[in-house]
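Here's the structure, in structure tokens; my notes come after.
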């Protein structure tokens, strides 16, 4: 006699994996692993955002992607934001407690705020709480966990056909690279990302594609010399 899948589950129909503490004492498969800086390209990020849809879950995911990509925040910094931390007039976000408990203010462009706006309107109908919150059930309005946010972005990327590793921290890398391409000084990028050590910031900038490096160097102007200077070098001393 066949047994239905639901009969194997405990009361309530929930999988044991959904219970709090299910993985307690088990080591994570990814803990301690270091992934190379391989941020998604602009077209890949846009494809994922388009795939999110216009439902509550989709608006929340698209808003989070916009904040991570256009401001370079760490995922927990983004999830700790409240609406009071947004200042669209100044184009800034206030991180009240970043890594090491440090407080800082970062910039975000108008396009990022525009992508966040639909979620802000939907968020008004929910209980007071963090900007990115649980959207339904008894816990509606409560903080959205970073682990759940990572799973959401991974699933949306798979739906969009993006097979590059699409996680919040890679969007932070993408933000740093875009600032570099725009000619933003390294010390400004360091302040935006909230790094104490400039060497850490330089690691973020290693994700530049090799072809881009070759094309940039290949396109450099040839050395120029004044016509009046002549081609003869002075004798060595």
Within region 43-56, restricting to residues that are loosely packed, with under 14 Cβ neighbours inside 10 Å and touching a residue at least 24 places away in the same chain (Cβ under 8 Å), the one that is farthest from residue 110 (Cα to Cα) is 54
Condition first: part of a loop (DSSP other than H, G, I, E, B), within 30 Å of residue 186 (Cα to Cα) and in contact (Cβ under 8 Å) with a residue 24 or more places away in the chain. Now tell me which residues in region 134-173 satisfy that. 162, 164, 165, 166
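Is it the case that some residue within region 18-40 is outside any helix (DSSP H, G or I) and at pLDDT 80 or above?
Yes, that holds for at least one residue.
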Filter result (touching a residue at least 40 places away in the same chain (Cβ under 8 Å), surrounded by 16 or more Cβ atoms within 10 Å (Cβ to Cβ) and closer than 22 Å to residue 39 by Cβ) within region 82-103: 95, 98
Does residue 126 fit the bill of being farther than 14 Å from residue 58 by Cβ and more than 17 Å from the chain's Cα centre (by Cα)? yes
Hey, can you tell me all the residues within region 174-197 that are free of Cβ contacts under 8 Å to residues at least 12 places away in the same chain and in a loop (DSSP other than H, G, I, E, B)? 182, 183, 184, 185, 195, 197
Taking region 83-95 on its own, how many of its residues are on the phi < 0 side of the Ramachandran plot and touching a strand residue (DSSP E or B) at 6+ places or on another chain (Cβ under 9 Å)? 9
Please determine whether any residue of region 104-116 is exposed (fewer than 14 other Cβ atoms within 10 Å of the Cβ), over 15 Å from residue 68 (Cα atoms) and without any contact (Cβ under 8 Å) to a residue 12 or more places away in the chain. no
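The values are calculated or read from the model by the stated rules, or taken from the named source; none is laboratory data. Note that the structure is a prediction, hence the values are computed from the model and not measured. We place every Cβ from the backbone using ideal geometry, glycine too, and count neighbours over all the protein chains shown.
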